[in-house]
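What follows is calculated from the coordinates using simple rules that are stated; it is not laboratory data. These numbers were taken from a predicted model, which means no experiment stands behind them. Every residue, glycine among them, receives a Cβ derived from its backbone with ideal geometry; neighbour counts consider all protein chains shown.
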């Protein structure tokens with residue numbers, strides 16, 4: 001077939017397409033006797049599920065098709081035959097209320113092979129699965145080259161060699177290249193399939209957009225709006241003045257319908273000014289006395305401004321030990337504490353801080369998030385463990401006094417976004433605090449970082465603030481783009497880990 005100027009079209013099949021469909025099937029399955037569907041079969045499929053029958057046309061000639069049913073998969077499970085899934089070719093197994101798109105056939109006329117038409121047909125079937133909100137596409141795949149190797153290797157070994165590209169199989173190699181994975185091996189799947197010795201692979205493609213039930217309200221968000229506060233250090237007469245400044249920013253960010261607002265690490269340090277006559281260690285313990293009051297105020301703000309507040313961090317006394325902690329205050333009134341795990345040498349020597357030992361992701365109404373305080377983001381093990389729990393957004397409140405300190409936080413945060421296929425938002429303080437020991441100067445440029453692939457900015461920076469200037473930063477992040485990245489990215493940092501060689505595990 002001359003294809004240099006061919007016109008290619010994908011559309012649903014019609015009854016009038018049957019003659020071309022029959023000819024294409026006979027040519028595609030010439031090794032199988034009586035391999036084509038009768039006209040009554042095709043008419044039945046068009047009657048019960050017209051959207052599932054899709055053809056590809058070259059210069060208006062039908063040269064290939066995919067045929068499908070919707071089934072309630074739990075009625076069949078992973079041990080079934082082709083005859084069972086098709087109701088012995090009556091198609092009475094089709095269930096419009098089912099959860100799975102079952103592929104019962106795919107073929108392309110030999111004269112049209114080399115034009116990658118099979119991939120177009122599969123893309124159309126995947127689009128149909130997504131549009132119908134079905135859980136997955138399941139299919140039984142022949143392995144027609146297996147008969148050539150059956151005396152030397154088992155079906156399991158054959159499948160692995162196809163995966164490793166040591167053996168080419170015209171069906172399985174194509175399925176694997178289209179993001180299907182093998183669930184199991186079926187014996188006796190298709191009667192009369194001599195080339196496969198009646199073996200088949202049970203294949204699955206997962207619909208990452210599938211939602212189990214449709215909700216009228218509280219639908220999981222695909223686009224999440226983040227607000228960052230680049231906080232100017234300044235003296236406050238009392239804690240009420242600090243609350244007023246916090247409320248100003250929360251009000252401003254929530255006015256843009258943001259889902260989150262992030263404050264920096266130790267942004268409440270100005271309250272230590274009244275205790276500057278004490279040692280650094282004693283002064284910060286006085287600051288810790290405000291922590292629970294500040295937490296309670298943030299819970300009030302989260303409810304009244306309908307926004308999830310990440311409180312940066314603040315000192316916290318527990319059993320006479322000093323920790324660096326913060327709170328996720330959800331807009332439904334619930335809250336959770338997070339802890340800084342790695343304490344910097346400065347925090348140890350001046351303040352006597354201890355490292356926490358609690359690490360987790362947090363469920364919110366705008367995705368699954370993690371929170372790491374400043375230095376913690378420089379340890380890649382922590383974000384990786386959060387990524388294994390399904391992390392969407394990592395929030396990092398930080399405090400750095402010099403540009404080189406900031407560079408460590410920034411570059412590590414960017415790396416965490418790439419290697420864990422997530423968004424990373426960092427927020428810090430700027431300015432200076434005269435008469436507050438160990439908190440003299442601050443340097444920050446708050447930002448939101450992304451993975452580095454086609455759906456994201458080429459430099460991996462969604463947005464960033466003006467350095468060393470008090471301001472807010474608002475950014476929208478697309479959680480669906482992360483789902484696409486996990487499955488179809490140019491590289492797959494999470495999936496391609498060599499877990500056969502190494503593993504990461506918690507001791508606590």
Checklist line | Per-residue Cβ neighbour rank within 10 angstrom, fewest leading, 36, 102 | finding: 36, 102
Notebook entry, point to check: Semi-axes of the range 414-508's equivalent ellipsoid from the Cα gyration tensor, sqrt of 5 times each eigenvalue, largest first, rounded to whole Å?
Noted result: 33, 20, 9
Note to self: If I model the range 224-488 as equal point scatterers sitting on the Cα atoms and use the Debye formula, what is log10 I(q)/I(0) at q = 0.09, 0.13, 0.15 Å⁻¹?
What the structure shows: -0.36, -0.77, -1.04
Next item on the list: Take each of the peptides 221-231, 190-200, average the number of other beta-carbon atoms within 10 Å over its residues, and list them starting from the highest.
Entry: 221-231, 190-200
Notebook entry, point to check: Give me the Kirkwood hydrodynamic radius of the range 26-86 in Å, from all C-alpha pairs, to one decimal place?
Noted result: 13.7
Next item on the list: Can you tell me the relative contact order of the range 224-488? Whole percent, Cα pairs under 8 Å, sequence separation 6 or more.
Entry: 21
Next item on the list: Could you work out the mean projected area of the convex hull around the alpha carbons of the range 230-356, in square nanometres to one decimal?
Entry: 7.6
Notebook entry, point to check: Any number yet on Rg/Rh for the range 33-150, C-alpha, Kirkwood?
Noted result: 0.96
Notebook entry, point to check: In whole Å, what three semi-axes, largest first, describe the equivalent ellipsoid of the range 8-206 built from its Cα gyration tensor (square root of 5 times each eigenvalue)?
Noted result: 25, 20, 16
Next item on the list: Starting from one equal scatterer on each C-alpha and no solvent at all, send me the Debye-based log10 I(q)/I(0) for the range 302-451 at q = 0.09, 0.19 Å⁻¹, two decimals.
Entry: -0.28, -1.24
Note to self: Between the range 140-175 and the range 238-269, what is the separation of their alpha carbon centroids in Å?
What the structure shows: 60
Checklist line | the range 227-297: radius of gyration over Cα atoms, expressed as a fraction of 2.2 N^0.38 Å | finding: 1.19
Next item on the list: May I ask for the angle, rounded to the nearest 10°, between helix 239-254 and the longest principal axis of the chain, with both axes built from Cα atoms and the value confined to 0 to 90°?
Entry: 30
Notebook entry, point to check: Could you give the angle, 0 to 90 degrees to the nearest 10, between helix 479-488's Cα long axis and the longest principal axis of the Cα atoms of the chain?
Noted result: 50
Next item on the list: Along each of the three principal axes of the Cα atoms of the chain, give the extent in whole Å, ordering the values from largest to smallest.
Entry: 95, 48, 46
Margin query: Can you tell me the orientation of helix 291-304 relative to the chain, as the angle in degrees between its alpha-carbon axis and the longest Cα principal axis, to the nearest 10?
Written below: 50
